[in-house]
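Here's the structure we're looking at; comments come further down.
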Amino acid sequence: MKLSPSLLAGAASLALLGAPAPALALQEEPPAVAAEAGSEARAAFDAMIDEITMRFFREAPEFATALGLPEEIAGEGYNARLSEAGPEADARHRLQARELLAELDAVDAEALDHQRQLTLRILRDQVEAAVQAADAAPYGAGAPIGFTPYPVTQLSGPHISLPNLMQAQQDVTDAQSADDYLSRLDQYGRLFDQTIAHVQRDAEAGVTPPTFAIEKAIGVIESFIEPAPTENVLYTSFAEKLETADVEDAEDYLARAEEAVSGTVYPAYERLAEAMRGLLDQSEDVAGVHRLPDGAALYEAMIRINVDNPDWTAEQIHQTGLDEVERIHAEMEPLFAELGLTEGTIGERIAQFSADEQYLYPNTDEGREQLLADLNDQMAEIEPLLPQWFATIPPQPVEVRRVPEFSEASAPGGYYNLPSLDGSRPGIYWINLRDTAIWPSWSLKTLTYHEANPGHHFQLSINLANEDTPLLRKLTASTNAFAEGWALYSELLAEEMGLYEDDPAGNIGRLQAELFRAVRLVVDTGMHAMEWSREDAIEYMVDNGGVTDRSDAVVEIERYAVWPGQALGYKMGMIQMVALRERAEAELGDAFDIREFHDALLVDGGMPMTVMDVEIERWIDERR
């Protein structure tokens, strides 16, 4: 997840994140009657949430597999099924979102206790945001939670998500699970054809990804089917799983897998590639969604989904980014001076620093192994410090893994996948090693603290382990601004924990990572709201030190082009979290406890920042 996809000058201006929830009316019934009515209302609400949960995961069996859910929630045999796609499924998902919003609006919140009210507020906020996007754009892919304007890009779509799922998260432990794996291979043709129909429907409405994104998507597809079927990751990972599984006649299963990959999967990829080629003549090399029908309204909705604050405009976020870039540049100056780098702009000095061979790993198998070993050492270093800063420690472990080579060219530099709900599969911290030069040693600490502990793994695992919140809230409530804002806040927290002490190079790495997120505010709003070109955005990112290499800037800018607003969540979420902490410290004084504050942020799970604002104010009031 960048959760993926995190989340400070300007913090004070963000302290008020939205109107608080309305005060609850006092019960006027006799206590016994009120208690009985309240009990009935709570039971009815719980039943409604359980039913919504089953509907949600039966529409998304791949997500259920990633989480290792029981069949009573996700449906019998869900590990053998793939979801539905295409125009009909999209229409159904949009209708479901509107119906779900009406269902939530009909709940009598005053009859619920606090935790149930919190569940209601969280879900309603997210569904309303998704409906706003779906109303703005009849194209793209709507859902009860979230929205994307393009069903297939160089970063997303079944051509990427399905192989990743089946390699990393589809278990094969016995004959039944082996059959489930093969069943999903057999459904590639149906799912890809539905996706092609979706792409073509949008094209008929004048909506395609930018030309460069289509070309990169075609490249990913062609790269995936370049190896022989028996060398493809769908076959090789299945073979590896069969080696440790209790499955008789494994050779027969492998023969079926080869037949499915060559006869079903590869032809499906070829059809998708051909459909994407068919878009090139009508596509434009324009990055922003401003070129799409009602693009301004769509981007406004994407800001709400990704920033969690309907009051923030693209112009305000753009200026916040410019201000933050200037502030971070100033903080980097003395650190560069300490290392003897005093000439040139900050961007030029970051580029010079990044090319210094003393910080580079050899771009060899041995260099990659050393880089992975260093990441594991960093995770071990922070572990004994965590109890000093957190009252709650997640029970699930986290592992470092290399991004699969077939998706390295277009995948993010690092990202995180949730552990399974039953604890049988750890959290996974993925790192892209297509070229070790993109990861100088001074940059790695910050990535580790962002993706693993105390970042994504810490926040999301604590959420999963909380038995007092319903499953749906555990798995869907962590918004982009909260999850990515927390991960970026974790980078700052690591500095407070002393992990950059006597390490000016590492601290430059931390500030460069924050600078990268501030630059994102400028370029994302620049492309989608202010009609910047792809080239304008690339130049700004390179010139201001957002990345250390132009080729990396290209990958990043092309990501923001097809995922509008997502890159805003990191810095805007962090700013809002810092504002909440500053408010709590100011109002509680000596009574402020950082461990308790972090519990207040994390234990009830991620939530829209407008809801978190109300929850932190409530937490402060309880401690005055």
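Couple of notes before you dig in:
- Extreme residue, modelled with the highest pLDDT, among residues of the range 338-367 that are surrounded by 12 or more Cβ atoms within 10 Å (Cβ to Cβ) and small (Gly, Ala, Ser): GLY367
- Only one entry in GLY189, GLY263, GLY206 is in a loop (DSSP other than H, G, I, E, B), of a type in the set (Gly, Ala, Ser) and modelled with pLDDT of 95 or more, namely GLY206.
- Test: residue in the range 278-288 that is assigned to a helix (DSSP H, G or I) and crowded, with 17+ Cβ neighbours inside 10 Å: no
- Filtered residues of the range 199-217 (kept if in contact with a Leu (Cβ under 8 Å, 6 or more places away or on another chain), under 17 Å from ALA411 (Cα atoms) and buried (at least 23 other Cβ atoms within 10 Å of the Cβ)): ILE214
- For the range 106-121, the criterion of being in contact with a strand residue (DSSP E or B) (Cβ under 6 Å, 6 or more places away or on another chain), surrounded by 17 or more Cβ atoms within 10 Å (Cβ to Cβ) and either of a type in the set (Val, Ile, Thr) or in a helix (DSSP H, G or I) (or both) is met by no residue.
- The set of residues in the range 405-463 being acidic (Asp, Glu) and surrounded by fewer than 20 Cβ atoms within 10 Å (Cβ to Cβ) consists of GLU405, GLU408, ASP422, ASP435.
- Criterion violated by GLU484 - all others in (1) at pLDDT 95 or above; (2) in contact with a Ser or Thr (Cβ under 6 Å, 6 or more places away or on another chain); (3) outside any loop (DSSP other than H, G, I, E, B) satisfied: (1)
- Among the conditions (1) closer than 30 Å to SER551 by Cα; (2) at pLDDT 95 or above; (3) touching a Ser or Thr at 6+ places or on another chain (Cβ under 9 Å), ASP377 misses just one, which is (3).
- Evaluation of GLY219 against (1) at pLDDT below 95; (2) in contact with a Ser or Thr (Cβ under 9 Å, 6 or more places away or on another chain) (one fails), failing number: (1)
- The residues of the range 509-551 that are part of a helix (DSSP H, G or I) and among the hydroxyl-bearing types (Ser, Thr, Tyr), listed by number, are THR525, TYR540, SER551.
The values are calculated or read from the model by the stated rules, or taken from the named source; none is laboratory data. Computed from a predicted structure; not experimentally measured. Methodologically, a virtual Cβ is constructed for each residue, glycine included, from the backbone with ideal geometry; neighbour enumeration extends over all protein chains shown.
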